[in-house]
Amino acid sequence: MVGVTCVATAPHELEGNLIYCDHGLSPYWILTTLLTRGYDGHGKIEVEVDGEVWMVSLTYQMGGVAPRPDDRVDGERLYELRIGAHGRGQRKANFLIQPRFEDMRHYETNEKISTPFDHTDESEGVNIRFSGSNLEPDEYTELLPQFVQALAHEAGIGVNKRYLNTQVHEMSNITTYERYLRLLQQWSRKLVGQTGILQRLILLYAEEIGSEFELKVNNKDTLGYNTRAVLGKQDAQQLIPGHRYGKQIKHYHPKYVRTNDHGDPLYHPKVGVLLKKSLNGHSFAWSDRKQLRREIDETLINILYWGDVPVRPNPTTFISDDHFEVRASNRNVSLVSDPTPEMEVSQEALLVTTLRDLTDSDMQVLESLVTDGGQQHPQELASNTGRGISTIYRALDRLNGIVRNDTATVSFISQKIAQEVSGIVERTELQIGNAANRVAKLLNIETRGAASSAWNKFCTKYAAKIVGQVDEVDGQTLRIDTLLSKLRSAPEPLLSDVLHEALDAWHTVGRDVQDLRMLRLQWRNESGEWCHGRVNPNLH
């Protein structure tokens, strides 16, 4: 895992709850007074904050909470107050201010309403359900007290400047958080095309036990009109080490797709990553917001990286809009080696190991699965192969690892395995042992398969990968995203030393080092600029 400087992401959606307890219900009561006496139930003002003009409104809705006996209110329901704000472009913030106290009761049924205050030392406070777009998380807590003071000033009613201007309670949370980039349209196929990274992910995840991966494709008006990859917790943890949360990876256009460029940023798609409570079964602590951003940024940048999309801030890759600026991030993002080859190698090695010892009946089972739809009952397999049911069950035991038998339905464990076996059945009429050798040669791995981690470790260490056409060595490139130098006096790793490490790793996994020597080479110099050449001349 290597940290690099990359393009900065921009905030999009954010939702959650801010809880204030330092002044009890006093902020709620004074805002209710501001609403009724200052604005007669509805107010709207214009205010400038740090040079940005905001239109701010104060309204209300009827809540479901009954007042306490000693609350001085008319009616059987407490108000919930709304502060809405619209700034530059699509910068928006909405705050629903709700009273919270012990033993809250529903105004109609008198049933107890559960609140966090039932489990804390604080007896009362204010919950603020917030939502908005194109604001950083901390801007919500910074802007709210300024909006309150501006409303109070306009109405001529004094409000304590510390109200809603103190540290939020630890129960405060985030329920939705999305960040995005705007990618030039010509790069879209790298992500959502037939061989794009999202398709590679679903090929490997689709039939993995425990996976909840989904790819939702909507190409209604254009490629990638609204494409969403949904990763459950397990999938996200497998994708990038150390990640904890299920998430969505999104590639999408506006509702009305632009048909030509003409300098309109909205002609180009957004690429975003969304964390959502519904994908995790719980909200996220407000205090974890920096960690959430790190996980979002790492996912977003690495998806681009695995799709061979440059991640540096460059107008040939990204385009600025009203809220996303093509600029360098002020924080490094860790690049992780592409997980799809690693997952692929493990499945390929498993396939080769299994094929090496197949019997005739085992091969007949595989042929039947390939030619008759991919899923069969064991009895159907017996009928289709002319074998006894006991022979079929013994074959399934030997094939365990590349096929599975769930609730009397036999199928391949993944689409990857199904496709490779299909290719063998269609193209190979040799002995079983030769089939295994053919697969090993086809996949460029040895049947022992044990040392393949050496190359993966090199790729992880230096954020390296081989890109280009697999079948044409001259067309392939060894790409290294780590900053390297040709000068021993420089602090960066020496290019020639790194390439010798690459040769050692390549040799360790049983591959011909001459193939690696002949590859094209792409690396970043001390300034972060791309350099080009071939591997062999740069070994010296």
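The values are calculated or read from the model by the stated rules, or taken from the named source; none is laboratory data. Since the structure is predicted, the reported quantities are computational estimates derived from the model, not experimental observations. Virtual Cβ from ideal backbone geometry, glycine too; neighbours counted across all protein chains shown.
Overview of values
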quantity	calculated
Residue satisfying all of: in region 369-379; at pLDDT below 85 and over 12 Å from residue 396 (Cβ atoms); surrounded by the most Cβ atoms within 10 Å (Cβ to Cβ) among these	370
Condition met for residue 12 (in contact (Cβ under 8 Å) with a residue 40 or more places away in the chain and part of a loop (DSSP other than H, G, I, E, B))	no
Residue ID - nearest to residue 312 (Cα to Cα), chosen from residues in region 526-539 that are of a type outside the set (Lys, Arg) and in contact with a helix residue (DSSP H, G or I) (Cβ under 9 Å, 6 or more places away or on another chain)	531
Qualifying positions in region 462-481 - at pLDDT 80 or above and either farther than 19 Å from residue 536 by Cβ or not hydrophobic (A, V, I, L, M, F, W, C) (or both)	462, 465, 476, 477, 479
Set 158, 132: member being part of a strand (DSSP E or B), touching a helix residue (DSSP H, G or I) at 6+ places or on another chain (Cβ under 9 Å) and assigned by TED's automatic domain parsing to the domain that holds residue 88	132
Any chance residue 191 is in contact with a His (Cβ under 8 Å, 6 or more places away or on another chain), farther than 26 Å from residue 402 by Cβ and not in a loop (DSSP other than H, G, I, E, B)	yes
Qualifying residues in region 446-461 (those that are farther than 21 Å from residue 195 by Cβ and of a type in the set (A, V, I, L, M, F, W, C)) - the one modelled with the highest pLDDT	458
Residues of region 218-249 that turn out to be in contact with a Phe, Trp or Tyr (Cβ under 8 Å, 6 or more places away or on another chain) and exposed (fewer than 15 other Cβ atoms within 10 Å of the Cβ), as a count	2
Region 97-116 - residue that is outside any loop (DSSP other than H, G, I, E, B) and either β-branched (Val, Ile, Thr) or more than 16 Å from residue 26 (Cα to Cα) (or both) and, of those, modelled with the lowest pLDDT	116
Matching option when the condition is under 16 Å from residue 68 (Cα atoms) and of a type in the set (Gly, Ala, Ser), among 132, 125	125
Options 181, 215; residue that is assigned to a strand (DSSP E or B) and either surrounded by fewer than 17 Cβ atoms within 10 Å (Cβ to Cβ) or free of Cβ contacts under 8 Å to residues at least 24 places away in the same chain (or both)	215
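Residue-wise test of (1) touching a residue at least 60 places away in the same chain (Cβ under 8 Å); (2) in a helix (DSSP H, G or I).
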position	(1), (2)
220	no, no
237	no, yes
282	no, no
291	no, yes
296	yes, yes
